[in-house]
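The values are calculated or read from the model by the stated rules, or taken from the named source; none is laboratory data. Since we're looking at a predicted model, the values are computed, not measured. Positions of Cβ are backbone-derived with ideal geometry, glycine not excepted, and every protein chain shown enters the neighbour counts. Accessible surface areas use protein heavy atoms only, side chains included; no ligands, DNA or RNA. Shrake-Rupley method; radii C 1.70, N 1.55, O 1.52, S 1.80 Å.
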Amino acid sequence: MAMTREQEAQQAYVKLLTGQGVSQRVLVQREFVIIRLSAFLKEIPCDGNHYRAAVDRFIASIDPAEIPTILPVIREFFSFWVRDIKAIAAMSQAKVFNGSAPMVMATQDELFKHWYDLDKMVMTNSEEQIMDAFHQVSYGRGFEPAVFKERMRMAKCLLLSLRNVPHKQSHSYRQMVDRNLPLFNALGSQHTFLSVSREFYYFWRSDKLKPQTETAHAPRARDMAMAA
């Protein structure tokens with residue numbers, strides 16, 4: 001019997017991880033995540049929008065405490081699922097798979113202080129331009145006022161967290177999303193934060209394109225490789 005797309009992607013993913021010396025324990029843990037995710041990927045169109053929707057359904061079905069652990073696997077697996085050889089090669093060269101250069105995680109106290117100090121923090125001109133662009137696009141989507149305000153604060157929180165990132169590339173962005181995620185898990189708004197983080201990436205990169213755009217701009221959209 002022929003393998004499904006998910007099975008082929010899982011096999012290729014495990015083969016690469018094995019070749020990079022990932023331990024058997026970690027392999028088993030990641031395979032278990034993929035097997036659970038694959039139940040939501042069956043028979044859906046092979047593109048980023050449908051993958052994100054499947055990921056949202058998967059995340060909604062699990063314990064929020066699991067999310068920081070499974071997100072890296074979900075992001076890495078995407079390029080295998082869509083068979084994006086260039087993205088896989090780029091991640092391999094950046095040593096994404098063997099966990100090099102891990103982000104130092106903040107304490108919950110540090111995260112809450114950053115969140116509640118946002119209104120006191122002065123943004124640079126370039127940061128103001130990014131937020132203005134995101135504000136204009138978000139405003140046109142008709143969110144309820146309280147939801148709109150929360151989303152804008154989340155975007156500002158993420159933007160100011162990224163101030164000291166030297167290069168605007170997807171791996172650093174994903175690490176910062178993960179660093180801030182425990183805060184929004186505690187606030188009970190992790191799904192909203194993950195949605196905002198996906199959309200905001202393109203504004204932070206100053207690409208000025210919507211995250212749903214996956215036609216002429218597909219190579220740039222895939223560069224994100226599931227920011228969240």
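Taking the conditions (1) among the hydrophobic types (A, V, I, L, M, F, W, C); (2) at pLDDT 85 or above; (3) open to solvent by less than 70 Å² (accessible area, probe 1.4 Å); (4) under 21 Å from Glu6 (Cβ atoms) in turn, Phe97 satisfies each one other than (2). Selection of region 132-146 for residues being of a type in the set (A, V, I, L, M, F, W, C), free of Cβ contacts under 8 Å to residues at least 60 places away in the same chain and surrounded by 13 or more Cβ atoms within 10 Å (Cβ to Cβ) yields only Phe143. A search for C-beta distances below 7 Å between a residue of region 99-128 that is more than 16 Å from Leu162 (Cα to Cα) and any residue that is small (Gly, Ala, Ser) and modelled with pLDDT under 95, counting only pairs 6+ apart in sequence or on different chains, returns Gln108/Ala186.
Restricted to region 3-34, and to residues that are touching a helix residue (DSSP H, G or I) at 6+ places or on another chain (Cβ under 9 Å) and in a loop (DSSP other than H, G, I, E, B), which residue is surrounded by the fewest Cβ atoms within 10 Å (Cβ to Cβ)? For region 3-34, the residue satisfying everything is Met3. The set of residues in region 114-131 that are open to solvent by 40 Å² or more (accessible area, probe 1.4 Å), hydrophobic (A, V, I, L, M, F, W, C) and touching a helix residue (DSSP H, G or I) at 6+ places or on another chain (Cβ under 9 Å) contains only Met121. In region 65-87, the residues that are touching a residue at least 60 places away in the same chain (Cβ under 8 Å) reach residues that are among the polar types (S, T, N, Q) and part of a helix (DSSP H, G or I) with C-beta atoms within less than 6 angstrom, at least six apart or across chains, in these pairs: Ala87/Ser79.
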